[in-house]
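Notes to accompany the following structure.
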Amino acid sequence: MYPSHLDEKGRAKLPVSFQQYFSALPEKKLFVTSLNRITAQVYPMSVWRGNENFFADYREDPEAAAAVAFNAADLGVETEMDAQGRILFPTELRRELNIEGQAVRLFFYKGRMEVLSEKIYEERKRKAAERAQEDVAKLEKAGLN
């Protein structure tokens, strides 16, 4: 979990390890969006294309897939990390998530970078702490080392 900040132009400076990860990708394009209109996600394009295929093929609840795909398209843009290791977040996304000019938290999860406002970060931190013992015990039973 890394702290960052969206500057006046809507760019977040990435930690060096994230910069190295994105720089090492064969394709430099990234997709910045929000699937749930609460947190932002930054996807390598190869991962995002896999999600687009998933939405197209998902048959269990096509309406849910269409709604999530709509959110992603409505708030998403293709971008690249700049030479200073920053990623630009689109204005509409920043306003929707209330992260314009704000501190954010960055972390990698399931092939994407998650971007949390401080408010969402604090809520998740509180919830995770409340259930930490119970969750660890459950996961250890399932094979977590």
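Taken together, the values in this text are just the output of simple stated rules run on the coordinates, not laboratory data. Note that this is a predicted model, so its numbers are computed, not measured. Cβ coordinates were reconstructed from backbone atoms using ideal geometry, including for glycine residues, and neighbour counts include every protein chain displayed.
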Check: Consider Arg124 against the criteria (1) within 17 Å of Tyr2 (Cα to Cα); (2) among the basic types (Lys, Arg); (3) in contact (Cβ under 8 Å) with a residue 12 or more places away in the chain: it satisfies all of them except one. Which criterion is unmet?
Finding: (3)
Next item on the list: Residue by residue through the stretch 1-56, note down the ones that are among the basic types (Lys, Arg) and within 17 Å of Glu80 (Cβ to Cβ).
Entry: Lys9, Arg11, Lys13, Lys28, Lys29, Arg49
Note to self: Anything in the stretch 38-87 that is assigned to a helix (DSSP H, G or I), within 15 Å of the chain's Cα centre (by Cα), of a type in the set (A, V, I, L, M) and surrounded by 14 or more Cβ atoms within 10 Å (Cβ to Cβ)? List them, or say none.
What the structure shows: Met45, Val47, Val68, Ala69, Ala72, Leu75
Notebook entry, point to check: Name the residues in the stretch 6-29 that are part of a strand (DSSP E or B) and either closer than 13 Å to Ala72 by Cβ or among the basic types (Lys, Arg) (or both), would you?
Noted result: Arg11, Lys13, Lys29
Note to self: Quick check on the stretch 23-36. Is at least one of its residues of a type in the set (D, E, K, R) and within 30 Å of Lys125 (Cα to Cα)?
What the structure shows: no
Notebook entry, point to check: Restricting attention to the stretch 46-60, does a residue exist that is within 19 Å of Ala12 (Cα to Cα), in contact (Cβ under 8 Å) with a residue 40 or more places away in the chain and not acidic (Asp, Glu)?
Noted result: no
